[in-house]
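The values are calculated or read from the model by the stated rules, or taken from the named source; none is laboratory data. Keep in mind the model is a prediction, meaning the values are calculated, not measured. Because the Cβ atoms are built from the backbone with ideal geometry, glycine has one as well, and the counts that use them run over all protein chains shown.
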Amino acid sequence: MNHPARLSSPKSRAPPLKLKRRPATPDEAQTLLQDRRLLLLLLVLRIVNALTIKTFFQPDEYYQSLEPAWKFVFGYGELTWEWKEAIRSFYYPSIFAGIWWTLKIVGIQDANVLVCMVF
């Protein structure tokens, strides 16, 4: 039942067309390899950039991320109304809380050291 694909109508007198796939040329294969290398290079550069660039916190970020995490781990700190009304997600502050909780278990509880560990 291996019939070649028919591109002409069954009533046509023309013979059916046989389509062959053109093999990739070495230039196309080399271009694809270069594209993958370029993608890998850009990905590595982005990861290095994300891990080495130090940015600064806006004042609001302290009250929306660090303060709730600190209060969760150490039991004291300020919370804004968004936290009191439970309309904010704890996902982002949980990153800091996880670090601080681990350090608290190890025995490091100096506030200056803990804040420097996050930055």
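Values computed for the structure shown
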read-out	value
Subset of segment 68-86 [assigned to a helix (DSSP H, G or I) and of a type outside the set (D, E, K, R)]	68, 69, 70, 72, 73, 74, 81, 83
Every pair of residues 6+ apart whose Cβ atoms lie under 8 Å, when the first sits in segment 55-81 and is under 17 Å from residue 116 (Cβ atoms) and touching a residue at least 40 places away in the same chain (Cβ under 8 Å) while the second is crowded, with 17+ Cβ neighbours inside 10 Å and not hydrophobic (A, V, I, L, M, F, W, C)	66/93
Enumeration of residues in segment 92-114 that are surrounded by 12 or more Cβ atoms within 10 Å (Cβ to Cβ) and either closer than 16 Å to residue 60 by Cα or of a type in the set (S, T, N, Q) (or both)	92, 93, 94, 96, 102, 109
Sole residue being among the small types (Gly, Ala, Ser), assigned to a loop (DSSP other than H, G, I, E, B) and either surrounded by fewer than 16 Cβ atoms within 10 Å (Cβ to Cβ) or modelled with pLDDT of 85 or more (or both), chosen from 89, 65	89
Identity of the residue in segment 68-86, of a type outside the set (Asp, Glu) and surrounded by fewer than 12 Cβ atoms within 10 Å (Cβ to Cβ), that ends up nearest to the chain's Cα centre (by Cα)	86
Complete set of residues in segment 48-62 that are surrounded by 10 or more Cβ atoms within 10 Å (Cβ to Cβ) and assigned to a helix (DSSP H, G or I)	48, 61, 62
Contacts under 9 angstrom Cβ, first residue in segment 101-119 being of a type outside the set (Val, Ile, Thr), partner at pLDDT below 80 and not in a loop (DSSP other than H, G, I, E, B), 6 or more apart	103/113; 103/114; 103/117; 104/114
Residue identified as loosely packed, with under 10 Cβ neighbours inside 10 Å and modelled with pLDDT under 75 among 4, 23, 15	23
